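Nothing in this text is a laboratory measurement; each read-out follows from the coordinates by a stated rule. Here the structure is a predicted model, which means the values were calculated and not measured. A quick note on method: Cβ atoms are made from the backbone with ideal geometry, for glycine too, and the neighbour counts reach across all protein chains shown.
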Amino acid sequence: MTATGVGIILGAGIYVLIGEAAGIAGNGVWLPFLISALAAAFTGLTYAELASRFPRAGATFEYTRRAFGPRTGFVAGWTMLFAAMIQVSAVGIGFSGYLSDLVNAPRIPVTLGLIAVSGAVLWLGVRESVRLGITFAVVEAFGLLLAIGVSARFVGDVDYLEFAGGFPDVMRGSALLFFAFLGFEQMANLAEEAKEPTRSLPRAIIFSVSIITVIYMLVAITSVSAVDWRDLAESDAPLGLVVETATGARLSGVLSVIALFATANTVLFGLMAASRQAFGMARAGALPGVLARLTEGRNTPLYAIIAVSVVAGLFSLAGDIGQVAQMSNAAVLIAFILVNASLLKMGSGGGPETRIASRWSVRGVSVIPLMGLGTSAVMLAYTGLIPILLAITLVSSGVLVRLLLDRLPQAPHREISGAGR
């Protein structure tokens, strides 16, 4: 589960967004990474506790439904579902950027092709998908260690307190890089695929966020040490440029090849989590029952996989990775606010082993989910006006869809616990 979490999170930020973040924060790009890591840690602990209490697919939907009722649960699940699909689109665009750097391939067809192939792999089953994903995760981790290793000799050559702008730009960079940590929440959707989820899933979320934070900080510092932050900002393959510069072009293209594995891996795991979110909501009657149907023999939610793949492909037509990433951030941060509020409302419960985030409280108010709610709200404020408006539109569409579904009879569907196990 930890390897799966690392595989989901790695690739989206470091391989794709570090250049754009460096253009915002300059040599001080490590600080937005640190701020984003702290925000992710607070909400990650909230998800860890809720996942240990309610280990079911459709995590965000399930938690908010139990705290605030089915309508609020639907809106939260709907928002997170679309955020996951938008995230897949952004990383798919990053994949096409690295491939174009190597062979000058057309970006939109490449992105759509990657999403289609990933959906086909998911149809084969969870075991097959996770095995492939973990293999890719090993490759991408090697790539980051390579980037750190070859550029470590430049550490100390620049002023790491040199920022491209002031504090607002640092926070804007943090809001962008928060996208790089998304994935821990998707792990909760795989609760039914885990052995002993109440024990293993919370630990896996905590371990994966911790591992990712250390790796990201090292890559951020070594990258701006080896390459001027302005050059990083202009590159479509920023880490490839870092390795090429540090080795005198001896390893030119190696990081771009490894980045293909990293971004493809995030697309695969992102579609997996999104399809499980759709499956969980449909099984509970919140989405059309066809999305909860499982294929004979493989027990995979084929129709949910097709649906999320098609929608992710449509979002990828936007082509601008920065805008797509911020749109995903705004949507997911709204869902995070609702999830943290859910734990605050429910309070501590269960045994001591499940009180991961709610064990520390001041005057009866749990500190961790309160910090998670606050940091998510601050990050949301810095994502930009257009992403916020798009996220509000997405939430509003969720309300309208829920009202329409309330008027329709639910089709019967086949329910099998542990889809794809």
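Observations on the structure shown:
- A Förster radius of 56 Å combined with the Cβ-Cβ distance from LEU145 to ILE386 puts the calculated FRET efficiency at roughly 0.95.
- Modelled label positions at ARG153 and LEU317, each set 7 Å beyond Cα in the direction of Cβ, lie 5.0 nm from each other.
- Computed over region 1-143, the range of Cα coordinates on each principal axis works out to 50, 42, 27 Å, biggest value leading.
- With all pairs of different C-alpha atoms in the average, the Kirkwood value for the hydrodynamic radius of region 190-310 is 17.7 Å.
- Computed with the Debye formula from one identical point scatterer per Cα of region 2-406, without solvent, the log10 of I(q)/I(0) at q = 0.13 Å⁻¹ comes to -1.03.
- The C-alpha atoms of the chain define a longest principal axis, and helix 167-177 lies at about 60 degrees to it.
- Here the label points at ASN104 and VAL367, each 7 Å from Cα along the C-beta direction, are separated by 5.8 nm in the simple model.
- Farthest positive-ward along the chain dipole, Cα basis, beta-carbon charges - from GLY28, VAL139, LEU268: LEU268
- Once both labels are positioned 7 Å from their Cα atoms along Cα-to-Cβ, the gap between LYS345 and VAL310 label points is 3.2 nm.
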